[in-house]
């Protein structure tokens, strides 16, 4: 490869010009994304049992705020209790995936939660990262919400 072609190739890599292969997701990437999409589908119809079937026995939901991480819910029983109460309190609750990126077991989601509040329709957006192992959700990290 001539020197000028090598330089162009290196510069393209440095500025983020994607290679042709970068657009295709590998099988583990699409499998992990499919699990997360199934979770959202079950959540949106308030199918608590469907959600629980997608969780590993040691599932952990973590929240990140500043430089702190806290455990919101650990284990399927705690998730079940939390969701039952949440869906009673917010019967119109749903979340939509606005964008998704998968890399191996990691799925990064920009989601929009919507519900009907006392003053009318409400929504907020957040970023979350799901870890999928053996076809089940193992962990999720939620970043602070942006209310709109």
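Does residue 119 fit the bill of being out of contact with any helix residue (DSSP H, G or I) (no Cβ under 6 Å at 6 or more places or on another chain), at pLDDT below 95 and exposed (fewer than 15 other Cβ atoms within 10 Å of the Cβ)?
Values: out of contact with any helix residue (DSSP H, G or I) (no Cβ under 6 Å at 6 or more places or on another chain): yes; at pLDDT below 95: yes; exposed (fewer than 15 other Cβ atoms within 10 Å of the Cβ): yes.
In short, yes.
Quick check: anything in the range 79-90 more than 10 Å from the chain's Cα centre (by Cα) and assigned to a strand (DSSP E or B)?
Quick first cut of the range 79-90, residues more than 10 Å from the chain's Cα centre (by Cα) only: 79-90.
This time we only want the ones that are assigned to a strand (DSSP E or B), so: none.
Among the residues of the range 79-90, not one is more than 10 Å from the chain's Cα centre (by Cα) and assigned to a strand (DSSP E or B), which makes the answer no.
Looking at residue 104, is it modelled with pLDDT of 95 or more, surrounded by fewer than 15 Cβ atoms within 10 Å (Cβ to Cβ), under 23 Å from residue 35 (Cβ atoms) and in contact with a helix residue (DSSP H, G or I) (Cβ under 8 Å, 6 or more places away or on another chain)?
Details: modelled with pLDDT of 95 or more: no; surrounded by fewer than 15 Cβ atoms within 10 Å (Cβ to Cβ): yes; under 23 Å from residue 35 (Cβ atoms): yes; in contact with a helix residue (DSSP H, G or I) (Cβ under 8 Å, 6 or more places away or on another chain): yes.
Taking the combined requirement at face value, the residue does not satisfy it.
Within the range 72-83, how many residues turn out to be out of contact with any strand residue (DSSP E or B) (no Cβ under 6 Å at 6 or more places or on another chain) and at negative phi? Give the steps one after another, and end with the answer.
Restricting attention to the range 72-83, the residues satisfying the condition of being out of contact with any strand residue (DSSP E or B) (no Cβ under 6 Å at 6 or more places or on another chain) are 75, 77-78, 80-81, 83.
From what's left, at negative phi: 77-78, 80-81, 83.
Final tally of qualifying residues: 5.
Do we have any residue at all in the range 11-18 that's surrounded by 14 or more Cβ atoms within 10 Å (Cβ to Cβ) and either over 30 Å from residue 115 (Cα atoms) or modelled with pLDDT of 95 or more (or both)? Show your work before the answer.
Pass one, the range 11-18, residues surrounded by 14 or more Cβ atoms within 10 Å (Cβ to Cβ): none.
No - not one qualifying residue is present in the range 11-18.
Quick check on the range 38-47. Is at least one of its residues modelled with pLDDT of 95 or more, surrounded by 13 or more Cβ atoms within 10 Å (Cβ to Cβ) and farther than 20 Å from residue 125 by Cα? Talk me through it step by step, then tell me what you get.
Going through the range 38-47, the residues modelled with pLDDT of 95 or more turn out to be 38-47.
After this cut, where a residue has to be surrounded by 13 or more Cβ atoms within 10 Å (Cβ to Cβ) as well, the list is 38-44, 46-47.
Those still in the list that are farther than 20 Å from residue 125 by Cα too: 47.
Within the range 38-47, one or more residues are modelled with pLDDT of 95 or more, surrounded by 13 or more Cβ atoms within 10 Å (Cβ to Cβ) and farther than 20 Å from residue 125 by Cα.
The values are calculated or read from the model by the stated rules, or taken from the named source; none is laboratory data. What you see is a predicted model, and the numbers here were worked out from it, not measured in a lab. Note that each Cβ is placed from the backbone with ideal geometry, even for glycine, and that neighbours are counted across all protein chains shown.
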